[in-house]
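Read the figures in this text as sums done on the coordinates, not as results from a lab. Computed from a prediction, not measured in an experiment: that's the story for all the values here.
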């Protein structure tokens, strides 16, 4: 079970620490433990309660009324609200689905967002902030690997399902080749790139996770792609990632290499000789316009 300080709850819920303190004092919504120096410590259960309270409060339920409800009553009211889904609630919905491993809630929330605003806007405006919050939850020990894998695989499945709806482009010459380097398994960004390119009706060859270097080079020689697209999140030594792309550029010659992800951004000054950084969706679109 994780322990949170009030600042952690502020970041994860979006409710100011000052407001949380008022809700505690006036309405006894949360009852945190305290350290010897009177620092508040909250539990996973406290976070779930706060997220549910936030959702009701955003829908106009007075905090004084919420305070008089039992937690089962709060959950029942939340379920009513979920049936009349509002995009503004997506953040709480996604976090609750993560904490409770609720596949139906996560899939319904994601499907509603995509139906309303499309996959690209859903990814940029909702999933990226959500994944950033997951990163914070890792830092404070809120979630374990099984929860992260659960959500990541649901996101991955949804993007693949959206890609599968698209027709295969007619022009099959000189495709764009997408891959992840060996020992890189974080596939969501690469799948998102695949969706963007397929939406532009560009032919892509998706090679997926952890592709051995020799196999990549062999495939490049066979298919003669017009560009390589990759992503790199896993932490590695600076010299390793630099040598990887230097060697790859020597092998593929004039074929451009586009890459996104945290490790690319962190090492951009060292990689700019060999890699075109994917900083935004617009930069990816511009390159293939």
Per-residue [θ]222 nm for the chain (sum of -39500 (n - 2.57) over DSSP H runs n ≥ 4, rounded to 500): -17500 deg cm²/dmol
Dimensionless Rg/Rh of the range 90-165 - Kirkwood Rh, Rg from C-alpha atoms: 0.95
Could you work out the Rg to Rh ratio of the range 173-281, with Rh taken as the Kirkwood radius (inverse of the mean 1/r over all Cα pairs)? 0.92
Taking Cα atoms, how many degrees apart are the long axis of helix 213-223 and the longest axis of the chain, rounded to 10 and kept between 0 and 90? 60
Taking 1 over the mean of 1/r across every pair of different Cα atoms in the range 1-84, what Kirkwood radius in Å do you get? 13.2
5 Å-binned pair-distance histogram of the range 138-234 (Cα, whole percent): 2, 12, 20, 21, 18, 13, 6, 4, 2, 1
Which three lengths, in whole Å and largest first, does the chain cover when its Cα atoms are put on their principal axes? 68, 44, 29
On a 0 to 90° scale, report how tilted helix 145-164 is relative to the longest principal axis of the chain, with both axes built from alpha carbons and the result rounded to the nearest 10. 60
Among 220, 170, 48, whose mean-square fluctuation peaks in a Gaussian network model of the chain (Cα, cutoff 10 Å)? 170
Selected from 59, 186, 203 as most flexible by GNM, with the chain as the system and alpha-carbon contacts under 10 Å: 59
Between 50, 29, 172, which gets the highest mean-square fluctuation from a Gaussian network model of the chain, Cα cutoff 10 Å? 172
